[in-house]
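Just so it is clear, none of the values below were taken in a lab; they were calculated from the coordinates. All figures in this text were calculated on a predicted structure; none of them were measured in a lab. Glycine gets a Cβ as well: all are built from the backbone with ideal geometry, and neighbour counts include every protein chain shown.
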Amino acid sequence: MTSAESSLAAGAAVKRAPAVHRKRFPWRTVGMHAIIIFFCLIVLIPIAWVLLLSFKSLRDAYTGNLWPEQFDFTHYAYVFQKMPTVLRNFSNSIIVTLSTVVVTTVISILAGYALVHTRLPGAAIVGAALLATLFFPTRLVSIIGIFQFQFRLGLINTLPGLILPYITLNLALSILIMRGIFQQISPELVDAAKIDGASSWRTLREILLPLAANGIVVVGMINFVTAWGEYLLARTYTNDKLMQTFPVALTSTFSSYGEWAMPRVAAMYVMAIAPGILAFAILQRWYMKGLQEGALKF
Amino acid sequence: MSTVTAPRTVGKPKRSLRARYRDWGNWIYLLPVLFFFVVYMAYPILKSMWMSFYDYQYLSNSPASFVGLKNFVNAIKDPIFLTGIRRAFYFTILFLPGVILIPLFLAILVDRVKNPRLATLYRLILLLPAVIPAAMIFVLWRWLYDFEIGPINVILRDYLGLFNRFNAPQWVGTSPLSIPAVAFVEIWWGLGYHTMFFLAGLASIPRELFEAARVDGSNEWQTFWSVTLPRLQPIMMILVVLRFGTAMAVIDDFMIMGGLNRAMPTYTWTVYMWHLAFSLGSWPHGYAAAIGWLGALAMLVVVAGLLYVFRNRD
């Protein structure tokens, strides 16, 4: 039973309660909502502020006024028309992110399936090893070694040189999430498919995959957010302005004037966070269900 | 750990040697994953361990020679490294309670929202920062914290009149406030995501337990201590250990907010390691690797200690 359902049931029970309860002013409920709304505002206001900044005129952006005297809606067009390197950074980010999300999701589905629904010698050891990597700062300790061999292979300042390490960043977590999702699916279902003569590949594709859709959305979102905004490795493995991803380009331009004036950077910023928020808005139903189903239980 | 992965014996209790041999064929599903773990995790980590015993300088032409534990000994005596560890620990102490207790409190409140639409809306709003990537979060907050035109100081100074242009708080930079300021950003970022963890935990508590507690006459506070908290304990423990590890190894925040400047309080051991490896002198990779490993080992000791303290006593 999800909490939404249980709160529905609780709501029905309240309606049947005697009238005495209904007359009293619900201080507790109001207080509860007030606290939640307070936290929601803390979350929303910074994001709203940067959105507003991207519409401020240049003058208003550099004075202290929160609400601008004059709006300027040209910053978005300006970024697209006058700043070609930014567009290049943007497309770099899109290529890197899409590749990372697709590869990580596919290979973690395969691994999660094999760990739960096939006879796999050493499955318990693999699971323990994956969990262990979550407790170790792998990114930090491996950064020098990866730099060295990527340099020797000529992968520095290339997009594959970012995609390959990015895939590894969240791989253990993704596999553990997919494993959690597959564990919710009854083994009888898999056995039945096997008795019907389906190969393990077909069982995965036609029976398990549709049932794991919510978990796949969670894994996809987590990897999207990581790859889209990754900073440290991108800064380490690229130094050519044209090969940089968007976040690195954005962080290197703090409070400058002219081309990189604040409202213009804010416009870029809004464009940078919009894809994630849009994807989240579209996929939220599956995302939430995926979180409930076992993505948070490992 | 779950035991679902144990082999299911269907029909015959003993399987033929050939069948068991065939089981290894299922490893084909793990091959791509194996490639990434070996090439991009195991190999570079072991390589960095190997390097930490050599005086390897990336940009220098002279061949590296084996120096034994010299890098580690130097690191332990290096005041920058030790200060860096202390700073990371200070950050962790500020960050950890905030990212566990505030979401726990919030989850208990959101879990009681009876209107299903509102409940969903609250969750969506709280989760918004979780879909904004890390670097973007710090860029945003660098603006918000800005001394002159950052809205926080604008409100404190121009709208509330609490400060003037000379004594307004300096949130980032060389100010002692900068570590707490970064910790606040991290808590803000993790708020919704961690609330979801606790909401999932709360949803798995059978409602009858709350009913039973109410029938027994226990008040909200007693119910929290006797029913809610024990049931959430496993989730809390794993979050404490995981977040301790991530907090001690935080680096992106500090590099974006404070830069590579030793005068900054945000110059922690992680920033120092990166600075050594990719920017200072002739890139002493051997020494940087030793620092990375020392920091990681120090963390592992604490993580192992925490896991031991939190171990399942049932």
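Observations on the model:
- The A:D196 and B:Q170 beta-carbon pair, evaluated with R₀ = 45 Å, returns a calculated FRET efficiency of approximately 0.05.
- If only the Cβ of Lys and Arg carry +1 and only the Cβ of Asp and Glu carry -1, the dipole of the protein assembly as shown around its Cα centre is close to 1320 debye.
- For the segment A:111-123, counting C-beta atoms of other chains within 10 Å of every residue's C-beta and taking the mean gives 6.
- In Å, descending, principal axis extents of the Cα set of chain A: 76, 69, 33
- Averaged over B:137-145, number of beta-carbon atoms from partner chains that fall within 10 Å: 5
- Dipole size of region B:155-312 about its Cα centre, with +1 on Lys/Arg Cβ and -1 on Asp/Glu Cβ: approximately 260 debye, rounded to the nearest 20.
- Chain A: relative contact order in percent, alpha carbon pairs under 8 Å with at least 6 residues between: 29 percent
- Relative packing of peptides B:118-131, B:219-232 - highest average C-beta neighbours within 10 Å first: B:118-131, B:219-232
- Ranked by the mean number of other Cβ atoms within 10 Å of their residues, highest first, the peptides A:171-180, A:264-273, A:197-206 fall in the order A:171-180, A:264-273, A:197-206.
- Protection-proxy order for peptides B:107-117, A:214-224, each taking the mean of Cβ atoms within 10 Å per residue, highest first: A:214-224, B:107-117
- Sites B:A212 and A:K82, calculated FRET efficiency, Cβ-Cβ separation with R0 60 Å, nearest 0.05: 0.35
- The Cα center of region B:80-120 and the Cα center of region B:172-246 differ in position by 8 Å.
- Rounded to the nearest 20, the Cβ-based charge dipole of region B:24-111 about its Cα centre (Lys and Arg +1, Asp and Glu -1) stands at 260 debye.
- Database remark: amide H of A:K56 closer than 5 angstrom to the amide H of A:D72 (H placed geometrically; neighbours at sequence offset of 5 or more, or on other chains; Pro and chain starts carry no H).
- Here's the picture: charge each Lys and Arg Cβ at +1 and each Asp and Glu Cβ at -1 in the protein assembly as shown, and of B:Y159, B:N219, A:A261 the one pushed furthest to the positive end of that dipole is B:N219.
- One decimal place: the segment B:R20-B:N61 gains 9.5 nm when fully extended, by the rule 0.36 nm per residue minus the C-alpha distance.
- Between region A:154-227 and region A:35-78, the alpha-carbon centres lie 39 Å apart.
- Positive dipole terminus of the protein assembly as shown, leading residue within A:A114, B:I137, A:I35 (C-beta point charges): A:A114
- Peptide B:249-256 shows a mean partner chain C-beta count of 5 within 10 Å per residue C-beta.
- Between the listed residues B:I291, A:L171, A:T138, the Cα displaced farthest toward the positive end of the dipole of the protein assembly as shown, a dipole computed from Cβ unit charges relative to the Cα centre, is found at A:L171.
- Amide H contacts of B:Y54 (H built 1.01 Å from N, in plane; Pro and chain starts excluded): B:V67 sit under 5 Å, all sequence-distant by 5 or more or on other chains.
- Among the listed pairs A:K56/A:K82; B:K47/B:K77; A:K289/B:K114; A:K241/B:K77, a Cα-Cα separation exceeding 29 Å is found for A:K241/B:K77.
- Here the protein assembly as shown is treated as an ellipsoid with the same Cα gyration tensor; its semi-axes, largest first and in whole Å, are 38, 36, 25.
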